[in-house]
Amino acid sequence: MTPPTLTENPFTLGVASGDPLPDSVVLWTRLAPRPHEVGNGLPAQGSGVPVQWELSADDTFRRVEQSGTVTAPAQDNHTVHLDLRGLEPDHVYWYRFHAGDWTSPVGRTRTAPDAAALPAEARFGLISCQQYDEGYYTALRHLADEDLDAVFFVGDYIYENAIDARAGARKLTTPLPAYYNHWLVSLDDYRQRYALGRTDPDLQAAHAAHPWYVTWDDHEVENNYAGDISQDNLPADTFRARRAAAYRAYWENMPLRRAQRPDGPAMRLHRRFQYGQLAQFDILDTRQYRSDQAYGDGWKYPGPESENPARTLTGAEQERWLLDGFRSSSALWNVIPQQVCFARRKETTAARSKLSMDAWDGYPASRQRVLAGVEQAGIQNLVVLTGDDHVHYALDIKKDFDDPASRTLGVEFVGTSVSSGFDGEERPDDWSSMMAANPHMKYYDARRGYVVVSFGEERVRADFRTLTGVTRPGAPVSTAASFVSEAGDPGLRPA
């Protein structure tokens with residue numbers, strides 16, 4: 001079958017790279033000459049579109065090191081997932097694609113260090129929660145300008161809600177098509193929501209500047225879903241079909257390898273990466289395999305239901321995989337990029353206080369098994385990277401959260417949202433009560449932004465970046481707070 005003729009620019013959604021290894025990285029693009037149309041202006045069936053690619057040692061492409069041609073298959077919504085091999089470790093490359101008479105924007109990527117190397121420092125961005133209609137992606141524009149080795153995106157890349165013609169807080173002057181103004185259910189729905197988000201120039205800039213490690217949370221499918229259980233109480237078969245559509249669109253639109261390609265409503269997203277001897281990254285999926293939230297979800301008093309030791313946030317197989325990874329790790333830093341708050345958060349100073357049933361607080365036995373595995377494996381430098389809450393937190397992870405003097409087993413950095421929650425505020429209404437109720441909470445800020453996390457031989461450092469607002473474009477960024485934890489002596493202190 002003859003490939004379609006491209007009469008319009010097909011690279012309207014930019015380029016991306018991800019999951020870097022010492023000798024490999026995934027390059028991504030999606031052909032969409034008409035991004036706001038279902039099908040993106042290309043036929044839904046057929047042989048796909050040939051796409052040429054180039055990988056260069058410089059941004060002028062005078063020293064092209066590899067090149068070739070791949071197909072953007074129609075069945076994959078004309079997306080490309082190019083798993084390049086034979087690359088040099090700890091090396092910066094530039095890449096681009098060609099289709100028809102069109103050339104994509106240039107992307108910059110970087111491979112991981114050699115397995116035996118111990119880099120003096122590595123810097124990573126931590127981002128999450130970008131609801132298109134609640135603000136501009138200004139944080140991502142600033143992230144693109146950071147000097148980073150890679151980015152961790154830990155959930156809520158899209159949201160499943162209806163979006164009106166003016167895109168809510170964005171107040172667009174050119175209205176969106178009516179197609180976006182309904183909740184996502186079908187494969188086309190989810191595909192179009194990714195297309196909408198990826199038309200954003202700030203998101204494109206952040207993807208083009210750095211390789212990304214990604215995982216999802218709930219809104220890539222449905223708010224606070226738990227395994228096969230829908231928050232909206234959809235019939236199981238109906239929800240599994242929705243989940244299959246959402247997972248398929250997620251894989252299509254992320255720089256992931258074919259090993260992550262979903263099989264219906266199942267997709268293995270937890271995976272492990274070595275960053276030389278400096279760090280091991282165990283990226284988790286705390287949605288697909290979890291038990292249903294206790295007590296109907298929300299902030300509730302803990303009790304026999306939430307404290308049932310049979311309950312799990314990760315599922316048994318993923319938990320074993322994580323603990324086995326602790327035991328085999330030789331890395332200086334053991335890092336867990338994941339979705340929901342790991343450390344305990346009490347609402348009040350009362351002995352019995354409500355906790356979030358959607359976070360690890362609603363699955364305390366699951367958390368205790370992970371921490372027991374940390375101790376048994378002799379892990380000294382545990383760092384958890386989290387999203388979900390639309391706030392910045394810096395937290396010590398305690399062996400016993402009821403005893404502030406108990407051993408600190410690690411630290412957690414929770415990054416605020418890119419745009420979800422509108423502009424936010426520095427000190428929300430519960431700031432004083434949360435800080436008083438949780439002595440292991442060292443920082444709390446509810447403005448929009450991101451975190452830069454730097455790992456070195458002696459310490460880990462988190463710089464919490466914040467914006468003045470996101471409901472208008474172009475806000476400046478500043479560093480609101482910085483914290484460090486020393487290698488071998490976990491516990492946060494201001495930098």
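Each row is one residue, and each column tells you yes or no for (1) within 30 Å of Arg96 (Cα to Cα); (2) assigned to a loop (DSSP other than H, G, I, E, B); (3) not charged (D, E, K, R).
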{"residue": "Leu148", "(1), (2), (3)": "yes, yes, yes"}
{"residue": "Asp164", "(1), (2), (3)": "no, yes, no"}
{"residue": "Thr173", "(1), (2), (3)": "no, yes, yes"}
{"residue": "Tyr179", "(1), (2), (3)": "no, no, yes"}
{"residue": "Ala205", "(1), (2), (3)": "yes, no, yes"}
Kindly provide the set of residues from the stretch 371-388 that are among the acidic types (Asp, Glu) and at positive phi, ordered by number.
Asp388
Test: residue in the stretch 56-77 that is of a type outside the set (S, T, N, Q), in contact with a Pro (Cβ under 8 Å, 6 or more places away or on another chain) and assigned to a loop (DSSP other than H, G, I, E, B)
no
Quick check: anything in the stretch 123-130 free of Cβ contacts under 8 Å to residues at least 60 places away in the same chain, over 29 Å from Gly48 (Cβ atoms) and of a type in the set (Lys, Arg)?
no
Residue that is more than 20 Å from Lys442 (Cα to Cα), of a type in the set (A, V, I, L, M) and in the same structural domain as Glu220 (by the TED database), where the choices are Ala350, Ala359, Ala365, Ala343
Ala365
So Ala245, is it modelled with pLDDT of 95 or more and within 22 Å of Pro20 (Cα to Cα)
no
From the list Asp164, Asp145, Asp188, Asp149, which residue is among the acidic types (Asp, Glu), assigned by the TED database to the domain that holds Val451 and buried (at least 20 other Cβ atoms within 10 Å of the Cβ)?
Asp149
Is it the case that Asp285 is in the same structural domain as Trp360 (by the TED database), closer than 26 Å to Arg123 by Cα and either at pLDDT 95 or above or crowded, with 21+ Cβ neighbours inside 10 Å (or both)?
yes
Looking only at the stretch 387-403, which residues are buried (at least 20 other Cβ atoms within 10 Å of the Cβ), of a type outside the set (A, V, I, L, M) and over 20 Å from Asp430 (Cα atoms)?
Lys398
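Can you find a residue that is farther than 21 Å from Tyr275 by Cα and either among the hydrophobic types (A, V, I, L, M, F, W, C) or touching a residue at least 12 places away in the same chain (Cβ under 8 Å) (or both) anywhere in the stretch 112-121?
For the stretch 112-121, residues farther than 21 Å from Tyr275 by Cα and either among the hydrophobic types (A, V, I, L, M, F, W, C) or touching a residue at least 12 places away in the same chain (Cβ under 8 Å) (or both): absent.
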Quick check on Asp90: is it among the charged types (D, E, K, R), farther than 19 Å from Arg34 by Cβ and part of a loop (DSSP other than H, G, I, E, B)?
yes
Would you mind telling me which numbered condition in (1) touching a residue at least 60 places away in the same chain (Cβ under 8 Å); (2) farther than 27 Å from Arg34 by Cα Asp59 fails?
(1)
Here's a check for you: in the stretch 327-366, which residue that is among the hydrophobic types (A, V, I, L, M, F, W, C) and open to solvent by 10 Å² or more (accessible area, probe 1.4 Å) is modelled with the lowest pLDDT?
Ala351
Candidate set: the stretch 13-43, residues that are buried (at least 20 other Cβ atoms within 10 Å of the Cβ) and among the polar types (S, T, N, Q); chosen: the one farthest from the chain's Cα centre (by Cα)
Asn40
Scanning the stretch 122-140 for residues that are of a type in the set (S, T, N, Q) and either farther than 12 Å from Gly197 by Cα or part of a helix (DSSP H, G or I) (or both), which turns out farthest from the chain's Cα centre (by Cα)?
Thr138
Here the residues within the stretch 211-231 that are touching a helix residue (DSSP H, G or I) at 6+ places or on another chain (Cβ under 8 Å) and surrounded by fewer than 19 Cβ atoms within 10 Å (Cβ to Cβ) are Asp228, Ile229
Candidates Asp297, Asp292, Asp324 - the one that is open to solvent by 10 Å² or more (accessible area, probe 1.4 Å) and in contact with a strand residue (DSSP E or B) (Cβ under 6 Å, 6 or more places away or on another chain):
Asp292
Taking the conditions exactly as written (in the same structural domain as Glu375 (by the TED database) and at pLDDT 95 or above), does Leu234 satisfy them or not?
no
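From the list Glu307, Glu252, Glu222, which residue is in the same structural domain as Leu140 (by the TED database) and more than 30 Å from Ala32 (Cα to Cα)?
Every option except Glu307 fails the conditions.
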Residue satisfying condition, being open to solvent by less than 30 Å² (accessible area, probe 1.4 Å) and touching a strand residue (DSSP E or B) at 6+ places or on another chain (Cβ under 9 Å), within set Arg193, Arg198
Arg198
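With the requirement that a residue be closer than 22 Å to Ala244 by Cα and open to solvent by less than 60 Å² (accessible area, probe 1.4 Å), what does the stretch 44-93 give you?
Ala72, Pro73, Ala74, Asp76, Asn77, His78, Thr79, Val80, His81
The values are calculated or read from the model by the stated rules, or taken from the named source; none is laboratory data. Being a predicted model, the structure only gives us computed values, none of them experimental. Counting neighbours? That spans all protein chains shown, and the Cβs are built from the backbone with ideal geometry, glycine included. Keep in mind that these areas ignore ligands, DNA and RNA; they rest on the heavy atoms of the full protein, side chains included. Shrake-Rupley method; radii C 1.70, N 1.55, O 1.52, S 1.80 Å.
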